[in-house]
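Take a look at the structure set out below.
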Amino acid sequence: MVTHGVVAIIPIRSFAEGKTRLTNVLSPTQRRVLIEEMFATVISAVRKSGAIARIGVVSPDPEVLAAVELLGDDLTAIGQGVDRPGLNEAANIGREWAETIGAGAMLMLFGDLPLLTPGDVTSLVRRDAPVVIATDRHGLGTNGLVLRLGGASGGHDFRFSYGPDSRQRHVDEADRLGMEVITAIGTGTAFDLDTIDDLERLGQTDGHLPAAVRSIDRLPREQSA
């Protein structure tokens, strides 16, 4: 049982059906392995940070939930019903679980952060602000979000607003509730992998190209629709 500690919430839709924008360069098997590798990287970073009391993985996919059940006692598989689809609902479901177990704060993290380190996690959690937003490398999205819960913090009423330009919407929501908000920029939280361009950039980072894609010598540019 967690009492006033910090929990991590990691949403993951599927191992088999994600990263569809990479279908031109990666086979279904490669995409699956890539998703699993990045997910494992995020779980490892969170665990090794020593700053997280428990990890909740939210997914609508029975395969993902079954896999999480085998990863250790510090992880909880949290089902996402078909009546509550989408990333914002995944965040709401994660917060409900966090409040149920008495967490003092939650850290919402994506599972596609291949450069995430334990230090990135610690850096976010140790900040005192009620809301901490870790942006993507463009400064527009929200790849990590710390939300203080309980008491009069306002965290229970915070409305998640993931999607394009979510950073500003989350800042506005914190302002609406009178919650202090700060923005954090870190290498590990800033780099999420979605597009061919992201894959090419990752390939330029020394030693960080996931095994699933190391055999690809050249990545063609993403075709316009």
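Can you confirm whether Val33 is over 25 Å from Leu124 (Cβ atoms) and assigned to a helix (DSSP H, G or I)? Yes; evaluated as a whole, the condition is true for this residue. Among residues that are modelled with pLDDT of 95 or more, basic (Lys, Arg) and surrounded by fewer than 17 Cβ atoms within 10 Å (Cβ to Cβ), Arg47 is not included. Any residue in the range 135-154 that is over 26 Å from Ala45 (Cβ atoms) and either in contact with an Asp or Glu (Cβ under 8 Å, 6 or more places away or on another chain) or among the acidic types (Asp, Glu) (or both)? No, the range 135-154 contains no residue that is over 26 Å from Ala45 (Cβ atoms) and either in contact with an Asp or Glu (Cβ under 8 Å, 6 or more places away or on another chain) or among the acidic types (Asp, Glu) (or both). Restricting attention to the range 1-45, the residues being without any contact (Cβ under 8 Å) to a residue 24 or more places away in the chain and over 23 Å from Glu69 (Cβ atoms) number 5. Scanning the range 50-73 for residues that are of a type in the set (Asp, Glu) and either in a loop (DSSP other than H, G, I, E, B) or touching a helix residue (DSSP H, G or I) at 6+ places or on another chain (Cβ under 7 Å) (or both), which turns out farthest from Asn88 (Cα to Cα)? Filtering first and then ranking leaves Asp73. A single entry from Arg47, Arg84, Arg127, Arg95 fulfils the requirement of being under 30 Å from Gly178 (Cβ atoms), among the basic types (Lys, Arg) and assigned to a helix (DSSP H, G or I): Arg95.
Residues of the range 22-32 being buried (at least 17 other Cβ atoms within 10 Å of the Cβ) and at pLDDT below 90, which ones? Those that are buried (at least 17 other Cβ atoms within 10 Å of the Cβ) and at pLDDT below 90: Leu22, Val25, Leu26, Gln30, Arg31.
Scanning the range 143-164 for residues that are within 18 Å of the chain's Cα centre (by Cα), modelled with pLDDT of 95 or more and either at positive phi or part of a loop (DSSP other than H, G, I, E, B) (or both) yields Phe158, Arg159, Phe160, Ser161, Tyr162.
If you take the residues of the range 53-69 that are of a type in the set (A, V, I, L, M) and either over 17 Å from Leu113 (Cα atoms) or free of Cβ contacts under 8 Å to residues at least 12 places away in the same chain (or both), which of them is surrounded by the fewest Cβ atoms within 10 Å (Cβ to Cβ)? Filtering the range 53-69 for residues that are of a type in the set (A, V, I, L, M) and either over 17 Å from Leu113 (Cα atoms) or free of Cβ contacts under 8 Å to residues at least 12 places away in the same chain (or both), the one surrounded by the fewest Cβ atoms within 10 Å (Cβ to Cβ) comes out as Ala66. If you filter the range 173-209 down to residues that are charged (D, E, K, R) and closer than 21 Å to Val125 by Cα, you find that the one that is nearest to the chain's Cα centre (by Cα) is Asp192. Candidates Leu87, Leu75: the one that is more than 19 Å from Val131 (Cβ to Cβ), touching a strand residue (DSSP E or B) at 6+ places or on another chain (Cβ under 8 Å), surrounded by 15 or more Cβ atoms within 10 Å (Cβ to Cβ) and modelled with pLDDT of 95 or more is Leu75.
Do the conditions hold for Ala98, that is, is it closer than 23 Å to Ala190 by Cα and of a type in the set (A, V, I, L, M)? For Ala98, the condition - closer than 23 Å to Ala190 by Cα and of a type in the set (A, V, I, L, M) - is not met. Filtering Asp112, Asp175 for residues that are buried (at least 20 other Cβ atoms within 10 Å of the Cβ) and among the acidic types (Asp, Glu) leaves a single hit, Asp112.
The values are calculated or read from the model by the stated rules, or taken from the named source; none is laboratory data. These figures come from a predicted structure and were not determined experimentally. Don't worry about glycine lacking a Cβ; one is built from the backbone with ideal geometry, like all the others, and counts go over all protein chains shown.
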